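Working notes for the structure below.
Read the figures in this text as sums done on the coordinates, not as results from a lab. Keep in mind that this is a model prediction, so the values were computed, not measured. A quick note on method: Cβ atoms are made from the backbone with ideal geometry, for glycine too, and the neighbour counts reach across all protein chains shown.
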Amino acid sequence: MALAGGAKLADPDGSRRAFEGFGVTGGLAKIGPVLLSVIEIALAVLLIFPQTSWYGAIGALVLLLLFIAQMAYQLAKGNSPDCHCFGQVYSAPVSTISIVRNVVFAIPAAVLAARGQTGQGAGIMDPGVNTLELVFGVVITALLLVATAYLRKISQRQDRILKELEVLDIVARDGGTVERNEAGTPNDGMPIGAVVPGFSVKTLEGSTVSLDDLRHDELPVLFLFVSPSCTPCRALMPDFERWVEDLRDKVKLVFLTSGSADENREKFGDAIGSSLYLQEGREVATIFRAQWTPSAVFVSADGRVASHIAAGDNAIRSLVESLENEDLQRDGVHFTNGTSTMSKAPIGEQVPEFRAEDVRGREITHESFKGKPTLVTFWSSTCPHCKAMIDELREWEQARGTDDLNLVVFTEAQDSIDLESPVIVDPEYKIADSLGMYGTPSAVLVNENGVVVSETAIGAPDVWALIGKRK
């Protein structure tokens with residue numbers, strides 16, 4: 001507890017990013033890490049003395065159970081934020097190992113809590129306790145933890161060096177330049193829940209294939225963007241071949257490339273040739289906003305974006321590993337890269353309960369979202385982008401058919417939003433915030449069962465993307 005609290009205090013920026021990775025934003029993301037660190041250190045102090053250790057054990061047990069529940073929740077949603085559990089000493093993405101570690105820590109806390117106030121053992125100053133041995137043991141344990149962290153950093157550096165040597169070796173054999181871009185953010189791509197618009201590509205033999213053709217077997221699709229000039233793509237070839245085979249009955253892999261058929265045959269050979277399709281330029285990559293090669297994005301069986309862009313070999317491998325271990329037929333399945341502060345929408349959850357009247361006096365509740373998919377939008381009377389979009393929204397509302405989506409608008413003040421659809425004045429955005437509002441204009445998509453099925457789309461292009469309308 002002392003090590004965790006002190007290490008977090010020593011790295012406030014990393015602790016804040018970890019809180020944001022778990023979905024905590026705003027002022028709480030700044031004060032939360034400090035408060036947690038103080039609590040952990042205070043619990044460590046309480047655990048030292050038998051007069052107070054029972055209270056420390058109960059506090060530690062409660063805190064560890066909260067950690068376990070939050071980690072399990074994030075993993076269940078397909079997220080793997082960096083736990084930053086021991087600050088700069090040790091930090092890693094949340095995994096099953098993280099949960100097991102906290103369970104192991106919780107066991108002695110539970111034992112002490114169960115033993116009661118009178119069963120806490122001897123104190124440090126008890127004549128029967130060898131204080132020197134105790135201090136020596138604590139120091140050795142701390143040194144071992146520091147040495148382990150240092151060795152881990154050395155191992156990570158070695159992994160990076162080996163990958164760089166692998167790329168240099170390929171360049172030395174093949175020539176050319178290295179196009180290696182592993183950095184990416186959730187905002188690089190289309191929002192989770194967006195409809196993938198139609199497009200056409202060509203096989204290496206020259207036949208035209210549409211998006212519907214690629215999805216004819218109704219499997220989810222993993223789109224991988226490669227190119228004949230991409231050196232890291234060549235380094236991924238063994239993985240590509242294995243993934244095509246291992247995921248055959250679960251996910252369809254589609255490789256989208258540029259250049260000529262001959263260039264791609266020479267680059268990729270026959271191993272993925274039947275799954276390789278040519279863009280005329282980068283038109284499909286532009287649709288998905290996949291800026292780099294290699295990149296990947298997962299599309300669910302219903303044709304909606306279900307992952308953030310995975311840019312670079314490590315990110316792609318991580319995404320594929322998640323696909324291998326997840327039930328891809330589960331409602332609301334999606335994959336984030338764990339760094340988004342914009343995806344506040346409770347994807348896969350029911351619309352939170354609420355009751356309000358719209359500007360025409362009609363009662364709107366969470367039950368109103370059931371029966372037909374609904375585009376829920378968030379507006380502000382002071383937002384110039386909202387005003388620029390309102391005419392388009394009004395035109396779309398008037399042109400909708402009976403089978404099209406419903407529309408609900410939340411705004412902080414009744415202004416000039418003249419719509420037939422419900423407009424709810426939510427002065428402090430309390431209801432809207434529970435639905436995932438993040439800036440204006442923004443929107444989330446709710447399905448016919450009243451379940452949120454998209455992340456928060458911000459700006460007109462992303463809002464329209466949720467309903468498959470390209471701008």
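Summary of values
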{"read-out": "Segment 1-26-segment 45-66 distance, computed between alpha-carbon centres (Å)", "value": "21"}
{"read-out": "Length released on extending from LYS370 to LEU66, taking residue separation times 0.36 nm less the Cα-Cα span", "value": "106.2 nm"}
{"read-out": "Label-point separation, VAL103 to LEU134 (7 Å along Cα→Cβ), nm", "value": "3.2"}
{"read-out": "Cross-link pairs beyond the 20 Å C-alpha cut-off, checked among LYS202/LYS252; LYS372/LYS469; LYS77/LYS430", "value": "LYS77/LYS430"}
{"read-out": "Radius, Kirkwood style, for segment 355-465 when every pair of distinct Cα atoms is counted (Å)", "value": "13.9"}
{"read-out": "C-alpha long axis of helix 131-174 to longest principal axis of the chain, angle in °", "value": "30"}
{"read-out": "Span from the segment 432-465 Cα centroid across to the segment 242-271 one, whole angstrom", "value": "34"}
{"read-out": "Calculated FRET efficiency for the pair GLN117/VAL209, C-beta based, R₀ 56 Å, to 0.05", "value": "0.20"}
{"read-out": "Within the chain, percent of DSSP bridges classed antiparallel, to nearest 5", "value": "60"}
{"read-out": "Most to least packed among 448-456, 402-410, 213-221 [average Cβ atoms within 10 Å]", "value": "448-456, 402-410, 213-221"}
{"read-out": "Gained length - LEU145 relative to ALA42, 0.36 nm times residue gap less alpha-carbon distance", "value": "35.0 nm"}
{"read-out": "Principal-axis tilt of helix 237-246 within the chain, Cα atoms, nearest 10 degrees", "value": "90"}
{"read-out": "Summed residue charge, Cβ within 11 Å of ARG215's Cβ, Lys/Arg positive, Asp/Glu negative", "value": "-4"}
{"read-out": "Cα gyration tensor shape for segment 186-325, rounded if a/c is under 1.5, else prolate or oblate", "value": "rounded"}
{"read-out": "Whole-number percent relative contact order across the chain, with pairs defined as alpha carbons under 8 Å at least 6 apart", "value": "14"}
{"read-out": "Full-extension gain in nm, ALA261 to TYR429, via 0.36 nm per residue minus C-alpha separation", "value": "55.2 nm"}
{"read-out": "Rounded to the nearest 20 debye, dipole of the chain from Cβ charges on Lys, Arg, Asp, Glu", "value": "1240"}
{"read-out": "Nearest-ten-degree value, helix 53-76 long axis tilted from longest Cα axis of the chain", "value": "20"}
{"read-out": "Ratio of Rg to Rh over segment 243-346 (Cα coordinates, Kirkwood Rh, two decimals)", "value": "0.97"}
{"read-out": "Label-to-label distance, nm, for residues given as ILE154 and GLN398 (7 Å Cα→Cβ offset)", "value": "7.2"}
